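Shown next, in structure tokens, is the structure this report addresses.
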Amino acid sequence: MGLRIMLTVFVTALVAASCSSDGSSSSGETSPTTDSVAVTTTAQSERPATTSSTALETEPEPESSPARMRLDWFVAALNAAEPPTDQEIEQQFSPEFLAQVPPFQLVQGAAQMTAAMDLPITIESIESESPDGTALEAVLVSADGTARLRVSLVVGADEPHLIEGLLGVPDVEVEFPEDLTIDRLDETLLSLGANSSLGIYEVTDGECVALHEIRAADQVVLGSVFKLWVLADLADRIAAGEASWADMVEVEDRYKSSPDGEVFGLEAGTEISVEDLAMAMISISDNSATDHLIAYLGRDSIESALARIGVSDPAANTPLLSTAALFQLKFVAADPSSAAYRALDEAGRRALLEEIDDAVLPWAADPNSVDLINADGVAIDQPRDLDLEWFATPRDLCLTHVYLAKQAEQPGLEPVAEILEANPGLGLPFDRGRWPVIRFKGGSEPGVIAGAWWFEGDDGRRYVVAGGVSDPNRTVDEVEASVALASAVTLLG
């Protein structure tokens, strides 16, 4: 099964929904720098269950279809006081599935998926089911009726009909504000966090022409949006004949980052193509895919791409953090700490990052073995150390999209467009008739939400909407901030 098949992915926020490794809910403990399109398979959240049943105590009705039988088990597992054992999971999921999504990721992913749901969870409705009973779509609802989850489940056609695909997304309808004005947009964004920046640009002759800007000179805290620069450098290296989309990269434990996405769960030595790594990095913000590409390209190479793109302050991202280094410095109490890193000069920081990159992170073997809390005792779902991140102005992000668009038009670099268009921002109500081409990367961590969209209209005109909301003292409502940023597109007509 390749990296692009439907795996178990639990979407915990709209982004607005991160993408990523490649977003997190403002109310739960989640991987902090995954894409604000928050596709993830893990969580550190723990909360008591409200039922004492075990995962296997609920027996499906005899007339249930194969897919419904597996769904019944899954719902029972969500409600159980104890998570299912590895053996129980192996009785429900296909070996091919578990080769890419290990049992611990399923357990933690389920915990993240239900973190904001009042137990017990029940099946509200079966929305659709295939004639042979091997695929269905259902809506699950929390006990208080306030949270719904849309689940798509696919099982094998042959006995014992093991689960081959599972997708869970919040069943939430999001709408852009009606009759939005510039003033209302500004007011909303400025109210969401201490630091809000936005740029709306029309791309004319390769230039970013500002239509509206909010605090445009301020640096946006990017989260996973920085992965656009990794993609840009990769495309440059391919164009120069120094790399290829078909190059195979071996998974190494030392380049495994946060325990989410698809790459973290793969065995060391597994080979993945550069193109598949890039797709995972952008479409689901896979942090381990990102760090494998950073190692493949080299930190210096990606840093040099910032100047080629025209980023106004490359030094703000020098040396460039890997995602694993960010986790180590900000979310683990043990040395090296963020304070120690901050005290170093550039040469010292670069040496420390190389040490971190060469080491296997403490949670690589067992994600439950490390309490993700920093030296100051800040909980994982709270902002911390927002000066250790990746940074750009809204105009820098526009220039990045322009650079990528030029690359995508070059022979041999067509995958750039495919990768950027794979995830336009899950759950956002874009008018796809008006905007047939949308390219996107988002980013988040506690206190941070950011996004950069490229829109091509049905009239051929091109625009970029880019910006972010951050606050070092409180969490940011990711859905509200994401919708506010993306809603700027409605001002373009």
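The values are calculated or read from the model by the stated rules, or taken from the named source; none is laboratory data. Since the structure is predicted, the reported quantities are computational estimates derived from the model, not experimental observations. So basically every Cβ, Gly included, is an ideal-geometry build from the backbone, and we count neighbours across all protein chains shown. Protein only, heavy atoms only, side chains kept; ligands, DNA and RNA dropped before computing areas. Shrake-Rupley method; radii C 1.70, N 1.55, O 1.52, S 1.80 Å.
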*Can you work out the accessible area per residue across the stretch 151-250, with the rest of the protein chains kept in place, probe 1.4 Å, in square angstrom?*
45
*Across the stretch 306-314, in residue order, what do the Karplus-derived ³J(HN,Hα) couplings come to in whole Hz, using 6.51 cos²θ - 1.76 cosθ + 1.60 with θ = phi - 60° and x for Gly and Pro?*
4, 5, 5, 5, x, 4, 5, 9, x
*Would you work out the relative contact order for the stretch 70-126, in percent, from Cα pairs under 8 angstrom that are 6 or more residues apart?*
49
*Find the centroid of the Cα atoms in the stretch 307-377 and in the stretch 127-204, then give the distance between the two in whole Å.*
32
*Contour excess over end-to-end distance, with Cα ends at Asp376 and Glu354 and 0.36 nm allotted per residue*: 5.5 nm
*Carbon and sulfur: what percent of the stretch 375-493's accessible surface (1.4 Å probe)?*
48
_Expected-Rg normalisation [2.2 N^0.38 Å, Cα atoms] applied to the stretch 335-493_ = 1.27
*Multiply the residue separation of Ser125 and Val437 by 0.36 nm, subtract the distance between their alpha-carbon atoms, and state the gained length in nm to one decimal.*
109.0 nm
*asked:* Leaving out ligands, DNA and RNA, and with a 1.4 Å probe, what % of the accessible surface on the stretch 228-353 is carbon or sulfur?
replied: 49
*Largest-first ellipsoid semi-axes for the stretch 131-243, taking √(5λ) over the Cα gyration tensor eigenvalues, angstrom*: 40, 28, 14
*Does the stretch 107-165 come out rounded, prolate or oblate by the C-alpha gyration tensor, with a ≥ b ≥ c the root eigenvalues, rounded set by a/c under 1.5 and, if not, prolate when a/b is larger than b/c and oblate if not?*
oblate
*asked:* Which of rounded, prolate or oblate describes the stretch 416-485 when judged by the alpha-carbon gyration tensor and an a/c cut-off of 1.5?
replied: prolate
_Relative compactness, the stretch 191-286, computed as alpha-carbon Rg over 2.2 N^0.38 Å_ = 1.42
*When only alpha-carbon atoms count, how far does the stretch 308-358 stretch along each of its three principal axes, as whole angstroms with the largest first?*
37, 20, 18
*Between Ala217 and Asp179, 0.36 nm times their residue separation minus their Cα-Cα distance comes to what?*
10.9 nm
*For the stretch 218-367, rounded, prolate or oblate, judged on the Cα gyration tensor with a ≥ b ≥ c (square roots of eigenvalues), a/c < 1.5 rounded, else prolate if a/b > b/c?*
oblate
*With charges only on Cβ, +1 for K and R and -1 for D and E, what is the dipole size of the stretch 393-475 about its Cα centre, in debye, rounded to 20?*
180
